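Note sheet for the following structure.
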Amino acid sequence: MSSRQTVLRSLHDLGLFAWFGSGLMGTVGLNGAAAKAKEPTERLYLASIGWAQFQPVLYGAVLLHAVGGLGLIAGNKARLAVQPEARTNTAVKAALELVAGAVTVYATTQGARVLAHADEGAEGVTEPGAGSSPQLASAQRQLKVLQSVLPLLTGTLIVLGAQQGEQQRPAAGFLQRSFGALRGSR
């Protein structure tokens, strides 16, 4: 594989940025806008429609991120073999990606539960109303937690990706070794 991995890095990063951004925008923007609907039943329907419309893009972004990430791991296997910090970063990222993926899928199932009870209405997308059934209230509470955790997880993945980029800077290690050798010879 070429030492340049522009396509793989782009898939990895753009997919992750879309995953992060969609969770954040949906939770803050879409849910917030839907909560302003006058009719309590519209709140849940509007948010559910918006999330459903975006769902193929969201899962496409997750897929692009995964393809790019697996390609980068394959392309960097020699470096991973000799750099323990890069292996650790990769292992932590992989674990967080699996957790974020599970959170994404589970949030989708809770969103479907909310939609199934949309005719009950609610104060907000993740805030039950006075007449909300225990099933709706449970799904909303879980969805609120999941939608809060997902941007934290994907944001952490962005930071770990930046750290990996820093670990690949050959000049930094070369300069440190060179200056260390010069200091030692004095």
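The values are calculated or read from the model by the stated rules, or taken from the named source; none is laboratory data. Because the structure is a prediction, the values reported are computed rather than measured. Note that each Cβ is placed from the backbone with ideal geometry, even for glycine, and that neighbours are counted across all protein chains shown.
Among the candidates Q110, Q135, Q142, Q147, single out the residue that is on the phi < 0 side of the Ramachandran plot and either within 17 Å of the chain's Cα centre (by Cα) or of a type in the set (A, V, I, L, M) (or both). None of the other options fit; the residue is Q147.
Comparison of L98, L115 shows that the only residue that is modelled with pLDDT of 95 or more, within 20 Å of Q142 (Cα to Cα) and aliphatic (A, V, I, L, M) is L98. For Q135, are the conditions met, namely being touching a helix residue (DSSP H, G or I) at 6+ places or on another chain (Cβ under 9 Å), within 28 Å of L63 (Cβ to Cβ) and surrounded by fewer than 20 Cβ atoms within 10 Å (Cβ to Cβ)? Judged against the criteria, Q135 is not a match. Within the range 121-133, residues that are in contact (Cβ under 8 Å) with a residue 12 or more places away in the chain and in a loop (DSSP other than H, G, I, E, B) have Cβ atoms under 8 Å from residues that are surrounded by fewer than 22 Cβ atoms within 10 Å (Cβ to Cβ) and of a type in the set (K, R) in these pairs: T126/R141; T126/K144; E127/K144; P128/R141, counting only partners at least 6 apart in sequence or on another chain.
Where in the range 1-119 are the helices (runs of 4 or more DSSP H), entirely inside, with at least 2 residues that are within 19 Å of Q164 (Cα to Cα) and out of contact with any Phe, Trp or Tyr (no Cβ under 8 Å at 6 or more places or on another chain)? Spell out the reasoning first.
Values: elements: 6-25, 31-34, 40-75, 77-82, 84-116.
The helices (runs of 4 or more DSSP H) meeting that bar are 6-25, 40-75, 77-82, 84-116.
Among the conditions (1) surrounded by 14 or more Cβ atoms within 10 Å (Cβ to Cβ); (2) over 30 Å from Q140 (Cβ atoms), the only one that H65 does not satisfy is (2). Of the residues P151, P134, the single one that is of a type outside the set (F, W, Y), modelled with pLDDT of 95 or more and under 26 Å from A95 (Cβ atoms) is P151.
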